[in-house]
């Protein structure tokens, strides 16, 4: 399995000079290789900052952060990222968008054509390899961006609210799609979301962050077997988990 764990030990992140903002404080977590971890919390709680630190796009101020065995001192090798905006290049076909990381890495496009074909089949986009982004729906575009993130089989996949801009029905569909893709690839995945139901449905673990300075108030294991149908959200146990998390958020307001 091509997957890497993530270990954060008492990490903090501060921004600014004389008037500093404490974005993260004393965050410790151990994420196992191949886990799907949902990161949940209110706006401004440091979820995306934590993700950017793991990606090496932000330097931590204190503590220790490792991806696999290596300390994070810059973008780690072999990671994929998916953002809320798909950031597809409108003048490139879907196939050529997916191959972009291969070109950046100076690798042979030809060696990855079969991988692209497999990802297009996996995400239901086989008939759209030669289409342009403007010809696809929002959900299809986001599936293409997931293909692009997975094309080099990353050991770590970082996703920052990737479905936040989609309508509710498409988002439900993408949750099921994301679960299916992850079950095929088993990449270690960190998934930032504002949605309680989405976090529970997708995650092996839900990390609940509190408002700034961001820290983890609880790491909640999710024991539902996979594959998980959408109807699971109507079950009493799912409801109990959602109520518990909602209670954590309400406690943060007081």
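The values are calculated or read from the model by the stated rules, or taken from the named source; none is laboratory data. These numbers were taken from a predicted model, which means no experiment stands behind them. A quick note on method: Cβ atoms are made from the backbone with ideal geometry, for glycine too, and the neighbour counts reach across all protein chains shown.
Which numbered condition in (1) buried (at least 18 other Cβ atoms within 10 Å of the Cβ); (2) at pLDDT below 95; (3) in the same structural domain as residue 38 (by TED's automatic domain parsing) is the only one that residue 198 fails?
(2)
Against the definition (farther than 30 Å from residue 62 by Cβ, touching a residue at least 60 places away in the same chain (Cβ under 8 Å), surrounded by fewer than 17 Cβ atoms within 10 Å (Cβ to Cβ) and under 15 Å from the mean Cα position of the chain (by Cα)), how does residue 186 come out, yes or no?
When the stated conditions are applied, residue 186 passes them.
Might you let me know whether region 164-180 holds any residue that is assigned to a helix (DSSP H, G or I), free of Cβ contacts under 8 Å to residues at least 40 places away in the same chain, buried (at least 21 other Cβ atoms within 10 Å of the Cβ) and touching a strand residue (DSSP E or B) at 6+ places or on another chain (Cβ under 9 Å)?
Looking for residues that are assigned to a helix (DSSP H, G or I), free of Cβ contacts under 8 Å to residues at least 40 places away in the same chain, buried (at least 21 other Cβ atoms within 10 Å of the Cβ) and touching a strand residue (DSSP E or B) at 6+ places or on another chain (Cβ under 9 Å), one finds at least one in region 164-180, hence yes.
Against the definition (under 21 Å from residue 200 (Cβ atoms), touching a strand residue (DSSP E or B) at 6+ places or on another chain (Cβ under 9 Å) and either outside the structural domain of residue 203 (by TED's automatic domain parsing) or touching a residue at least 40 places away in the same chain (Cβ under 8 Å) (or both)), how does residue 159 come out, yes or no?
Answer is yes for this residue.
Among the residues of region 66-95, what is the count of those that are surrounded by 21 or more Cβ atoms within 10 Å (Cβ to Cβ) and at pLDDT 95 or above?
1
What single numbered condition from (1) crowded, with 20+ Cβ neighbours inside 10 Å; (2) in contact with a helix residue (DSSP H, G or I) (Cβ under 9 Å, 6 or more places away or on another chain); (3) farther than 23 Å from residue 249 by Cα fails to hold for residue 209?
Checking residue 209 against (1) crowded, with 20+ Cβ neighbours inside 10 Å; (2) in contact with a helix residue (DSSP H, G or I) (Cβ under 9 Å, 6 or more places away or on another chain); (3) farther than 23 Å from residue 249 by Cα, the one that fails is (3).
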